[in-house]
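Contents: one structure, followed by commentary.
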Amino acid sequence: MPKVTRDDVARLAGTSTAVVSYVVNNGPRPVAPATRERVLAAIEQLGYRPDSVAQAMASRRTNLIGLVLPDARQPFFAELAHTVEKAAFDKGRLVLIGNSDYEDDRELHYVRAFLGMQVSGLVLVSQGPSERAAQEIAARDVRVVLMHRQPNALSGDAVVLDDVEGAYLATRHLIEAHGLTRIHCLGGPPSTPDLGDPVTDHVTGWRRAMQESGLPTDGLVRGAPFNRFGAYGVAREMLAEQDRPGALFCSTDDQAIGVLRAARELGLRVPDDLVVVGFDDIAEAAFADVPLTTVAADRAAMAEAAVDLALEREPAAPGEERVRSFPARLVVRRSCGC
């Protein structure tokens, strides 16, 4: 059979090839619903399949969005990637995913690779891109959206959560609803940046709530890896100490799940002997041995905002930063004593 072309679709639908292009590419111009239905019906009847390679060569853009994140094995980043992929799917786009493993060279590798593939936009979840990655991004005419973190090395579009407020809400809940006065905090590893990192902001929010209530914070912060495995080892040491914590605010849910495991092995009951609160509201938090009190965000709305910004063709004004900040909300479950 001869190859079906865009001209064939336009002829059957009674419209122009430009309108067929707008329907296939979901833009850039709007198409009347009735016309769109005729074009889609013609595509289905003829079995038309767009030539993505030819489209990319003509427009110097693909229907791809690049997503670089630290570690998709971690539940939070896995769920974040899924929401971005869904938001991109709804826009008729495909997502390429690269894991930096918190390494500058790997992050630079994926940034270069995705930009070289002429992606329509790049969503970057970075603990702090290297100077080389920042230079690579600045030299390309591709919109880059920072998500989850807003590193100082890069400026521009960003989609973030109010992390300080989220940690503040969780800590205030422990103080006001449960009368706790000695609340330890599990922060990030020593490599965590002082500014622009959510975990650093979580510690800041915890400290603000404690200080506003006149409670001490000195010596109550302990660094730990972001994942449950490293946090489990740190928690085993903390909870075995004579002056062990009675309440612990964890900067991530994955950390908190590691803490729950350590507490169980040491015979400590949560929340009777140890109060635990996390951050992120990963799906597993509700199904932990003791359902985890945590802080949540509307990740679906954040992903949609990130994809919209990544696909935005209107250039930002020089020096303009478009930052969309989303509110955090407390999710109360049994691990805090409620």
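Details
- Working note: 222 nm ellipticity from helices only, DSSP H runs with n ≥ 4, each -39,500 (n - 2.57), summed and divided by the residues of the chain, gives -13500 deg cm²/dmol to the nearest 500.
- Rg to Rh quotient for the chain, alpha carbon positions, Kirkwood Rh: 1.09
- 1.4 Å probe accessible area per residue over the chain, in Å²: 48
- Peptides 301-309, 40-48, 73-81 ranked from most to least packed by the mean count of surrounding Cβ atoms within 10 Å: 301-309, 73-81, 40-48.
- Taking amide H positions as modeled 1.01 Å from N, with prolines and chain starts lacking one, the residues under 5 Å from residue 250 and 5 or more places away or on another chain are 186, 277, 278.
- Trypsin sites (Lys or Arg not before Pro) within segment 241-307, DSSP loop, no more than 12 other Cβ atoms inside 10 Å: 269
- Tail weight of P(r) past 19 Å, computed on alpha-carbon pairs of segment 244-333, percent: 51
- Note on the chain: GNM, Cα springs under 10 Å; of 198, 28, 327, the largest mean-square fluctuation is that of 28.
- Spin-label pair residue 182-residue 218: with each label point 7 Å from Cα along the Cα-Cβ axis, the two points sit 1.6 nm from one another.
- For segment 197-304, the square roots of the Cα gyration tensor eigenvalues, ordered a ≥ b ≥ c, give a/c of at least 1.5 with a/b no greater than b/c, which places it in the oblate category.
- Mean Cβ count within 10 Å, highest first, over the residues of peptides 109-121, 205-217: 109-121, 205-217
- Positive contributions from Lys and Arg (+1) and negative ones from Asp and Glu (-1), summed over other residues with Cβ under 14 Å from the Cβ of residue 253, come out at -3.
The values are calculated or read from the model by the stated rules, or taken from the named source; none is laboratory data. Source: prediction; values computed, not measured. Glycine also receives a Cβ, built like all others from the backbone with ideal geometry; neighbour counts cover every protein chain displayed. Keep in mind that these areas ignore ligands, DNA and RNA; they rest on the heavy atoms of the full protein, side chains included. Shrake-Rupley method; radii C 1.70, N 1.55, O 1.52, S 1.80 Å.
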